[in-house]
1. Take LEU61 and decide whether it is aliphatic (A, V, I, L, M), in contact with a helix residue (DSSP H, G or I) (Cβ under 8 Å, 6 or more places away or on another chain) and more than 25 Å from ALA244 (Cβ to Cβ).
2. Looking at PRO29, PRO55, PRO3, PRO42, which one is more than 16 Å from VAL119 (Cα to Cα), in contact with a Pro (Cβ under 9 Å, 6 or more places away or on another chain) and not polar (S, T, N, Q)?
3. I'm checking my understanding of the structure. Among residues of segment 9-26 that are small (Gly, Ala, Ser) and either touching a Pro at 6+ places or on another chain (Cβ under 8 Å) or closer than 15 Å to ASN53 by Cβ (or both), which one is surrounded by the most Cβ atoms within 10 Å (Cβ to Cβ)?
4. Based on what the data block shows, is ARG30 modelled with pLDDT under 80 and open to solvent by 50 Å² or more (accessible area, probe 1.4 Å)?
5. Does segment 28-51 hold any residues that are without any contact (Cβ under 8 Å) to a residue 60 or more places away in the chain and closer than 21 Å to LEU110 by Cβ, and which are they?
6. Filter segment 100-139 down to residues that are part of a loop (DSSP other than H, G, I, E, B) and touching a helix residue (DSSP H, G or I) at 6+ places or on another chain (Cβ under 8 Å) and give me whichever is surrounded by the fewest Cβ atoms within 10 Å (Cβ to Cβ).
7. So is SER68 more than 15 Å from ALA244 (Cβ to Cβ) and part of a loop (DSSP other than H, G, I, E, B) or not?
8. Do we have any residue at all in segment 204-216 that's in a helix (DSSP H, G or I), touching a helix residue (DSSP H, G or I) at 6+ places or on another chain (Cβ under 6 Å), touching a residue at least 60 places away in the same chain (Cβ under 8 Å) and polar (S, T, N, Q)?
Amino acid sequence: MSPVTAALLAGLAGLLAGSFANVVIHRVPRRESLVRPGSRCPACHAPIAWRDNLPLLGWLLLGGRCRSCHAGISARYPAVELAVAVLWALITVRLVGEGLAWAVPAYLALAFVCVVLTVIDATTRLLPNRITYPAFPTIALLLLVASLGVGDLGRLARALLAAVAVGALFLILALISPRGMGLGDVKLAPTLGLALGWLSWPAVVVGLFSAFLLGGVIGLGAMAVLRLGRKALLPFGPSLAGGALLGVLVGADVAHWYASALLGV
């Protein structure tokens, strides 16, 4: 299968995964079941028909309003679905093109977790244990399968070492500055280090640098637009997730460009 075909299929699957991501985003902070009850309107609690629950199309056909009570449905729902679909397509075309098709499931899972936690942290300032705890063993198991598939267990060893290193770094930062680094970030960091480390050490460096760069840019933007003070606390989870995804997608390219520029090649 060509990388483009695989990416298209992954994008379509990502729309469905994005629909489930919305369920996770809505219910996990409320400690609700992900299975029961079925999808309902947040305003009137009327059950949502399957045709209205189609990713993207359902929201568009309804005009962004509930069929029963006509209450507005947040544009966040189609945005999340589209974000997961685009990320799944980009990650798939990248990995398949590099001959790492075995690793695609692990990084699709990573993208799902990153999107979910980004929205939850941005809206509630929480990175729930219900997501961060199972994320590590799930992605570790998928990367074990990928390592066996590509015949390179050294990748998994490097991934585990990166997980320890990145986790330790964030723990130290949290101990030094408890107000600046939450425990949720510390719990998420090893999973991101694991995923980036499986790819390469440059991916780890690019991912971490991007995370702190994004955090700085968001902080400056909040000060300029929202008039927040310099001591205002902003969620770091979105920056951490965004940096990790950048490390996956462009880490190798950025590292190659930097090395070429440094050596003058």
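1. yes
2. None of the others qualify; the one that does is PRO55.
3. It comes out as GLY18.
4. Considered against the rule, which asks whether it is modelled with pLDDT under 80 and open to solvent by 50 Å² or more (accessible area, probe 1.4 Å), ARG30 comes out as no.
5. Selection gives LEU34 alone.
6. LEU126
7. So SER68 fits the description; yes.
8. no
The values are calculated or read from the model by the stated rules, or taken from the named source; none is laboratory data. Being a predicted model, the structure only gives us computed values, none of them experimental. Quick reminder, even Gly has a Cβ in these numbers, built from the backbone with ideal geometry, and neighbours come from all protein chains shown. What goes into the accessible areas is simple: the full protein's heavy atoms, side chains included, and nothing from ligands, DNA or RNA. Shrake-Rupley method; radii C 1.70, N 1.55, O 1.52, S 1.80 Å.
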